[in-house]
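All of the numbers you see were taken from the coordinates with simple rules; none came from a lab. None of the values given here were measured: they were computed from a predicted structure. Cβ placement follows ideal geometry from the backbone for every residue including glycine, while neighbour counts extend to all protein chains displayed.
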Amino acid sequence: MASPIISIQDGAENSQQLSINSRNIENAVTGNITIPGDKSISHRALMLGAIAEGETIIEGLLLGEDPRSTAVCFRAMGAEISELNSQQVIVKGVGIGNLQEPQDILDAGNSGTTMRLMLGLLASHPNRLFTVTGDNSLRSRPMSRVIKPLSSMGASIWGRKGNSLAPLAVRGQQLRPMHYHSPIASAQVKSCILLAGLMVDGQTTVTEPALSRDHSERMLKAFGATLDIDPQTNSVTLTGQPTLRGQKVIVPGDISSAAFWLVAGAIVPGSDLLITNVGVNPTRTGILEALGMMEADITKENERVVAGEPVADLRVKHSQLKACEISGDIIPRLIDEIPILAVAAAFAEGTTVIKDAAELRVKESDRLAVMATELGKMGANITELEDGLEIVGGNSLRGAEVDSFSDHRIAMSLAIAALNATGETIIHRAEAASISYPNFVTTLTAVLT
Ligand code: S3P
């Protein structure tokens, strides 16, 4: 069976361009694959390991650029973190409140999770001074969403544009208890405040408008913190000054990475793919519900719980997708999967509307604008809405020159669209995929042969 020709060339300024020439053939996506470790859980395992007492052992860590940024920052503050690999990483923590003042600027790279979660810890280390920066993208992403609530707890943080953009300077303080009603459903905001609350004498509560991913809550409990969760009000209360003890963390595969293969299998005729060891925490499975509404043929097999997180194998087969509406409380549970859902919608019968997703404008790129222009270049009928996208499915896509805007999820979404497009697609700045998926192109080649 003919397969598309996949090649990587050097592009401008150390970038890479990925070329996928689909030759209008049966590219059926088949086989049995594993995916890299969950990015959110990998960050949290490194951070909690770094502030716990004793040793944390992490199996299955994601080796992407983002967790590497977290490891570099916490090593600079005294945690001993062994060389990163996906088998076993050992973290020797410093104990709560004992992060050292680093000798240099902490660089979070492209990683919003590193910067926002770390800020909660830095702000609560009295009398220590920290400076934090990131790459071009991260320096333009809003930090006021964590700086404002931290300041209400007594934090001292300074940044550009009225204390809203990195680089940031932090002078640690003894923080006060707080009940924070977050205006956005953001796990980064929730986790930042909870981590700040670790050093507080008293209780810290975060209430969010809809439930966001709960990996911090699960892992904090596993490390020994006391948390009360009220599902009725989407509130979590942490009791301050616990003793955290190092644990063994087994990181499941990242459902946000599995999403690319779920959509590839769903849209490419003849596909039958098994993705093993995928984290299926209910706060992350909005993608499965959305693809279910679109009548994708996806089954969960071998469901189990591994180190406190639900895990399953997912099988996807090709089917004719139908349009649907994606809005409301499901959005935080599929927030990172909207670019690849837009690709699915381009191949669905009818008009898919995605709403309540304005948060996508402040991700690694403005994902609403970028998906509308880049998928549009491939012939998709896609319109940008203020807080979402409208996609009229059914146009056949054609290869085009497109750009990831250095956003990992855009690069990979466009690559999946290219599998079902006629002719050659060239994706500029495709190296961005390594932020969350270092072996993406290797797996792409494997599922097509
Ligand atoms: C993340 C939370 C989400 C998500 C990001 C990872 C986390 O961000 O988009 O990729 O690990 O907490 P927000 O909290 O900004 O929604």
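Just a few scattered comments:
- Test: residue in the stretch 185-197 that is assigned to a loop (DSSP other than H, G, I, E, B) and exposed (fewer than 15 other Cβ atoms within 10 Å of the Cβ): no
- Residue selected from the stretch 25-58 under the condition over 30 Å from Ser271 (Cβ atoms) and part of a strand (DSSP E or B), by the criterion nearest to the ligand (Cβ to nearest atom): Ile58
- Some residue of the stretch 207-217 being in a strand (DSSP E or B) and basic (Lys, Arg): no
- The test for being touching a Lys or Arg at 6+ places or on another chain (Cβ under 7 Å) and on the phi < 0 side of the Ramachandran plot holds for Ala421.
- Residue check, Gly270 within 26 Å of Ala421 (Cα to Cα), exposed (fewer than 15 other Cβ atoms within 10 Å of the Cβ) and free of Cβ contacts under 8 Å to residues at least 40 places away in the same chain: no
- Selection within the stretch 79-122 - in contact (Cβ under 8 Å) with a residue 24 or more places away in the chain, in contact with a Pro (Cβ under 9 Å, 6 or more places away or on another chain) and away from the ligand (no atom under 16 Å from the Cβ): Ser86, Ile96, Gly97, Ile105
- Matching entry among Thr299, Thr352 (being more than 14 Å from Arg409 (Cβ to Cβ) and crowded, with 20+ Cβ neighbours inside 10 Å): Thr352
- Here Ala358, Ala344, Ala369 are screened, and the one residue that is under 20 Å from the mean Cα position of the chain (by Cα), farther than 30 Å from Ala28 by Cβ and away from the ligand (no atom under 15 Å from the Cβ) is Ala369.
- For Val305, the conditions (1) within 16 Å of the ligand (Cβ to nearest atom); (2) farther than 21 Å from Trp261 by Cα; (3) of a type in the set (A, V, I, L, M, F, W, C) all hold with the exception of (1).
- Scan of the stretch 184-224 for residues that are basic (Lys, Arg) and within 13 Å of the ligand (Cβ to nearest atom), ordered by number: Lys190, Arg213, Arg218
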